[in-house]
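Enquirer: Please find one structure pasted underneath; my questions will follow.
Quick note: the coordinates plus some simple rules give every number you see, no bench work behind them. Computed from a prediction, not measured in an experiment: that's the story for all the values here. Using ideal geometry, Cβ is built from the backbone for each residue, glycine included, and neighbour counts are taken over all protein chains shown.
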Amino acid sequence: MHKRAWMWIGGWCLATGLMAGLTGCRKPISDVADLVVTLGPKTKMRFVYIPALKRYVGQYEVSNKQYRCCKPSHNSGQHQQLTLNQDDQPAVAVSWNDANNFCAWLTKNSGGSQWRFCLPTEQEWATVAACGKSVEYPWGDGPIPRNWNYFGVENPEPGQKLNHNDGYRASCPVQKSGANAWGLFGVGGNVWEWCEDADDTEGKTRVLKGASWSDCAPLFLKISRRSSYTADYTSSRIGFRVIAEPMTSTPKTPDASAQAQPAKPETPPAPEADAADK
């Protein structure tokens, strides 16, 4: 395992030396340091620099613990009496509006004059899913890796399912959702991910990519597959990932009619003395 050096600057730090050896990650893709942002007490968010985008991309889907730093009352609920609300599970029951409000909150509280946080565009998402290659599926060629969270034989329900057991009947912890060749977890499966793009001329519907723990049909697992819902829609199968871009880059400016709705202010959560860093 490679050693890391840490450099703290204000509320964020750079971890120098991207670590190899992640499941599915054959080698570092860049010598540029990781970006690690502090969200709250013992809660951080890690971003990996992607040279093809000249952007940092969240290494994991946003977790419940991370999302609750912005919205303490959030509850991701459950599916068939299986909780979706553990701290390390992905935040679901989150609309496109909610995800954008989180990005705005993160920019205001942790971006300083350096970083702007936003949802990836569909093209940015596809770039990191394919890892710079011409492939149909986000894991590349060959069979689906065992630790990628799709709908498999771990589910007792009758019907179509994959002939593999990832150990999770619903969403799994974001750090256990399988890494692609660039070291990004959950790009395929676990939860669908909101993208910045509108899927209609009015900007009322927004693009989703990546499939989820409830999907098994090969068509749904492809990088090219897209879905879309209205910006206020929520589901137990939909979450999001965040990217970080320099403030000097041109900001994304969606139509006024499609701007995220303001979030209601909430009291910040109390420090969690025994919580582990995420």
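Enquirer: Given the conditions (1) buried (at least 18 other Cβ atoms within 10 Å of the Cβ); (2) assigned to a loop (DSSP other than H, G, I, E, B); (3) under 21 Å from the mean Cα position of the chain (by Cα), and given that GLU124 satisfies all but one, which numbered condition is not satisfied?
Expert: (2)
To keep it simple, each residue is scored yes or no on (1) within 19 Å of VAL92 (Cα to Cα); (2) without any contact (Cβ under 8 Å) to a residue 60 or more places away in the chain; (3) in contact with a helix residue (DSSP H, G or I) (Cβ under 8 Å, 6 or more places away or on another chain).
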| site | (1), (2), (3) |
| --- | --- |
| LEU162 | no, yes, no |
| SER171 | yes, no, no |
| GLU196 | yes, no, yes |
| SER227 | yes, yes, no |
| ASP232 | yes, no, yes |
| ILE243 | yes, no, yes |
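Enquirer: Every residue in segment 221-247 that is of a type in the set (A, V, I, L, M) and part of a loop (DSSP other than H, G, I, E, B), please.
Expert: Residues satisfying the conditions are ILE223, ALA231, VAL242, MET247.
Enquirer: Within segment 105-159, how many residues turn out to be touching an Asp or Glu at 6+ places or on another chain (Cβ under 9 Å), aromatic (Phe, Trp, Tyr) and within 21 Å of ALA211 (Cβ to Cβ)?
Expert: Result for segment 105-159: 4.
Enquirer: Does any residue of segment 228-240 turn out to be touching a His at 6+ places or on another chain (Cβ under 9 Å), on the phi < 0 side of the Ramachandran plot and surrounded by fewer than 23 Cβ atoms within 10 Å (Cβ to Cβ)?
Expert: yes
Enquirer: Now, a different point. Which ones in segment 64-102 are among the charged types (D, E, K, R) and buried (at least 22 other Cβ atoms within 10 Å of the Cβ)?
Expert: The answer is LYS65, ARG68, ASP98.
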